[in-house]
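A short reminder: the numbers here are calculations on the coordinates, not readings from a lab. Only a predicted model underlies this, so the values are computations on that prediction, with no experimental measurement involved. Because the Cβ atoms are built from the backbone with ideal geometry, glycine has one as well, and the counts that use them run over all protein chains shown.
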Amino acid sequence: MAWIVAVSDFCSRVPPYPHERQASNDIWRGVEAFPAPAARDKIRVSGGYLERLPLAAVASGLVDHAEIWTFAGAACEADSEIGQFSGIPDRPGLLRRVFRADPHPAPYGSRDAVAFIRAVGAPDILCVWGLGVDAELLDACASSVKIYNSIDAAALRIPDEIAHRFDLFLTGAAWQSREIEQRIPAARTLVLPIGPAFASGETFFATDAPKDRDIVYVACAQPYKRHDILFDVLERRSGTSALLVIGYGEMSGTLRETVARRGLDVEIVGPPGVSHHEVNRQISPGRARLRRGRWRASHFD
């Protein structure tokens, strides 16, 4: 069976807690790791960047099965620690797995994930997004076609010694491709449409909700998302309201404290994250919606 994995840079705790349990290939042996392939006519290519590319690979017949991997930073959260060896079915053609992260910052390592790969084999295609994974995990997937996308304005958010292990880099613009090619001379790059050209009309669409928020900003609570710039603008423009939708991030408490201290008209939703349907409902009342790239506003009035 041909399969594809998209590895998210989400970790439930940053940095991950140390753990003493040694990952073992034996815990995965004999486990029915993969479900039967879903009928292709049942595959719906929907969701965000994590879901849509692997689902498209299944829908096109390139692979039979797709998975999304994330990391657990604390005890009793990883599939192997709670006996959930078959993962969590998400929708036809797509399975989710959670692996215990090693106790160091991103790029994340996972002896747990490496043990799984050694037991069941490497995926045919490994897509790594964002802050990336470490060399040990990539080397365990030596036979995989390895693809990287930063999912942000910075073209590479991983060290060069990690980047050299990838076969293809997806970028959002030609200038990002040039930046990667300057750092990694042998790199192969391909521009992937982003913004309105990438957004799924089935996932994000206009509604009849009243426009009662001036600005809606959807971004994780991490420093590079530059919430401070938005807060400075709101402070200068008295009477401007905003809604922040946060899926995850270590700065959520700090953001709430800053909003209260500066007396800003800002409502914060999350973490934890919400469904794509709920995100669409939350952003619909915004007169302007922001996406974090090079700090451009997309106006929908």
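Points worth noting:
- Toward the positive end of the charge dipole of region 79-219, with +1 on the Cβ of Lys and Arg and -1 on the Cβ of Asp and Glu, the farthest Cα among 147, 135, 216 is that of 147.
- Sequentially through region 250-258, phi angles give Karplus couplings (6.51, -1.76, 1.60; θ = phi - 60°) of 6, 9, 4, x, 4, 4, 5, 5, 5 Hz, Gly and Pro residues having no value and appearing as x.
- Additional length obtainable on full extension of the chain from residue 26 to residue 104, 0.36 nm per residue less Cα span: 25.6 nm
- Scanning residues 5 or more positions from residue 172 or on other chains, those with amide H under 5 Å from its amide H are 192, with H placed 1.01 Å from N in the peptide plane.
- Sorting the segments 48-54, 206-212, 128-134 by their residues' average number of neighbouring beta-carbon atoms within 10 angstrom, most packed first, yields 128-134, 48-54, 206-212.
- 29 Å Cα-Cα reach of residue 211 towards lysines, excluding residues that sit fewer than 8 places from it in its own chain: 225
- P(r) histogram, all alpha-carbon pairs of region 19-117 included - 10 Å bins from 0, percent: 15, 42, 31, 11, 0
- Adding -39500 (n - 2.57) for every DSSP H run of four residues or longer, then dividing by how many residues the chain holds, sets the calculated 222 nm ellipticity at -6500 deg cm²/dmol.
- Take the Cβ atoms of residue 34 and residue 84, set R0 to 25 Å, and the FRET efficiency comes out at 0.95.
- The charge dipole of the chain, taken about its Cα centre with unit charges on the Cβ of Lys, Arg, Asp and Glu (plus for the first two, minus for the last two), comes to roughly 760 debye.
- Derived scalar couplings between HN and Hα for region 47-56 equal x, x, 5, 5, 8, 6, 5, x, 5, 5 Hz in order, rounded to whole Hz, by the Karplus curve 6.51 cos²θ - 1.76 cosθ + 1.60 (θ = phi - 60°), x for Gly and Pro.
- Remark on residue 146: its backbone amide H falls under 5 Å from those of 126, 167, 168, a criterion applied only to residues 5 or more positions apart or on other chains, H modelled at 1.01 Å from N.
- Cα centroid of region 53-87 to Cα centroid of region 116-190, whole Å: 18 Å
- Straight-distance candidates among the aspartates and glutamates for linking to residue 42, with alpha-carbon spacing under 19 Å and chain neighbours fewer than 8 residues away dropped: 51, 64, 67, 90, 202.
- Antiparallel bridge percentage (DSSP; both residues within the chain; nearest 5): 15 percent
- In straight-distance terms, cross-link reach from residue 146 covers every one of the lysines whose alpha-carbon lies under 20 Å from its own, apart from those fewer than eight places away in the same chain; here that gives an empty set.
- Backbone amide hydrogens, once placed in the peptide plane, bring residue 151 within less than 5 Å of 130, excluding anything fewer than 5 places away on its chain.
- Full-extension gain in nm, residue 254 to residue 211, via 0.36 nm per residue minus C-alpha separation: 12.7 nm
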